[in-house]
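The values are calculated or read from the model by the stated rules, or taken from the named source; none is laboratory data. What you see is a predicted model, and the numbers here were worked out from it, not measured in a lab. Glycine gets a Cβ as well: all are built from the backbone with ideal geometry, and neighbour counts include every protein chain shown. Heads up: the accessible areas ignore ligands, DNA and RNA and are worked out on the full protein's heavy atoms, side chains in. Shrake-Rupley method; radii C 1.70, N 1.55, O 1.52, S 1.80 Å.
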Amino acid sequence: MHTLASQNRPLLRGLTLGLTLAGAAFAAHAQEKVVFATNWKAQAGHGGFYQALVDGTYKKYGLDVDIQQGGPMVNNRPMLPAGKVDFLMTGNLLQSFDNVKNGVPTVVVASFFQKDPQAIFAHPGQGYDTFKDLTKAPVAFIGKDGQFSFWQWMKSEHGFKDTQLKPYTFNVGPFLADKKSIQQGYAISEPLSIKAQAGFDPVVYLLADHGFSTYANTIETRADLIKTKPETVRKFVEASIIGWNNYLYGDNKAANEMIAKLNPDSPVASSQGSIELIKKMGIVDSGESLTRGIGAMDEARIKDFYEKMVKAGLYKPGEIELSKVATTQFVNKGVGLDIRKQLGGK
């Protein structure tokens, strides 16, 4: 005998299937697509973002994040104002000052390096016992970009001279061959390659520890995205902050494996070495971030850096409207402090 329920089973099955498919479609829709472009190939200096990707933190925040690498033949900067990417990792505040100067409507929403890793290296045992001693070096290998940025500050603030300059071509050979020379480099990577090639640890002077007060590895987005989708910006920034806490103080194996896969020049062992340097020098987590959380920024510090760059001749007084450079709307809220404590961090 057929009951009403048995007669309606096909209908019920169809209804259930329809609800399941609708639920799946809703779940897929709930993951908002976000494109994030970095300033170089995958490396430990980007590790927190890859951590948030591989451990599902972005997904938990409802974001489907696509990380697009930068590199020597890639210029991701125009992609942000053009709307091709949603977030962009920049080097330091100089690029952001230039954007405001040129009327490009982008804004810094977080800083994942409290200290710019830009450093000057010297050979041990050559009399370079203080940063001031470096002004006596007969040769300073500085790249073209550096000559028109931090080198100008080194001259105005510390007395370095253009007569010391020789071009740095991102080859440590000339530096290694001249024990009295000094050279620019990233404090979280070049010391490892110098040790591997020459068997010694260079003397490292982090510019940030001597007054170069810029933030670095800053994250920019478009001003219109902040206005129309502030929740999207908040989710990306906060998920990235959590990613960085887990990368520095937790299990970072999967993130390092992803970095090594994407960039064979940055193997897992190299990433681990860089992480130790990042932690030792307080690149990501120091100063303001210790109480406000990773990604922290302070308007007074941005002003301080701008004034130093004016003194160095890079900008004119009042040329940059600093209120347009960055916003602290999405940082300084203590996000991730509980995770750091739980994982036994600082």
Probe 1.4 Å, protein heavy atoms only - accessible area per residue of the chain in square angstrom
47
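Just the Kirkwood number for region 171-229, please: inverse of mean 1/r across all distinct Cα pairs, in Å, one decimal. Can you show the working numbers first?
On the way: mean 1/r = 0.0693 Å⁻¹.
Final number for the Kirkwood radius of region 171-229 is 14.4 Å.
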Can you return the lysines within cross-link range of Lys33? Criterion is Cα-Cα under 19 Å, with same-chain partners fewer than 8 residues away left out.
Lys59, Lys60, Lys84, Lys227, Lys229, Lys235
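Rounded to the nearest 0.05, what FRET efficiency do Glu257 and Lys179 have when you use their Cβ-Cβ distance and R0 = 30 Å? Present the calculation step by step, with values, prior to reporting the outcome.
On the way: r = 38 Å, r/R0 = 1.27.
Once rounded, the FRET efficiency stands at 0.20.
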How large are Rg and Dmax for region 121-270 when only the alpha carbon atoms are used, in Å?
19.2, 57
The chain - mean residue ellipticity at 222 nm from DSSP helices (-39,500 (n - 2.57) per run, n ≥ 4, rounded to 500)
-12000 deg cm²/dmol
Computed over the chain: longest principal axis from alpha-carbon atoms vs helix 253-262 long axis, angle to nearest 10 degrees, is 80
Mind checking the angle between helix 230-249 and the chain's longest principal axis? C-alpha axes, 0 to 90 degrees, to the nearest 10.
60
Rounded to whole Å, give me the distance from the Cα center of region 176-253 to that of region 47-106.
14
Volume per residue of the C-alpha convex hull in region 98-180, rounded to whole Å³:
136
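In whole percent, and with a 1.4 Å probe on the protein chains, what portion of the accessible area of region 161-251 is carbon and sulfur?
Working: 2050 of 3780 Å².
Accessible surface attributable to carbon and sulfur in region 161-251 totals 54 percent.
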Region 258-346: Lys pairs at Cα distance under 29 angstrom, eight or more positions apart or on different chains
25
Any chance you could run the full-extension gain for Asn171 through Asp145? It's 0.36 nm times the residue separation minus the Cα-Cα distance, nm to one decimal.
7.8 nm
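Report, for the chain, the % of DSSP beta bridges that are antiparallel, rounded to 5. Walk me through the numbers on the way to the answer.
Working: 22 of 36 bridges.
Counting DSSP beta bridges with both partners in the chain, the antiparallel share is about 60 percent.
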Pop a pseudo-label 7 angstrom from the Cα along the beta-carbon direction at both Ser323 and Lys101 and give the gap in nm to one decimal.
2.2
How far apart, in nanometres, would the label points at Ala223 and Lys59 be if each is projected 7 angstrom from Cα along the Cα-to-Cβ direction?
3.8
Report the normalised scattering of the chain as log10 I(q)/I(0) at q = 0.12 Å⁻¹, calculated by the Debye formula with identical scatterers on the alpha carbons.
-0.89
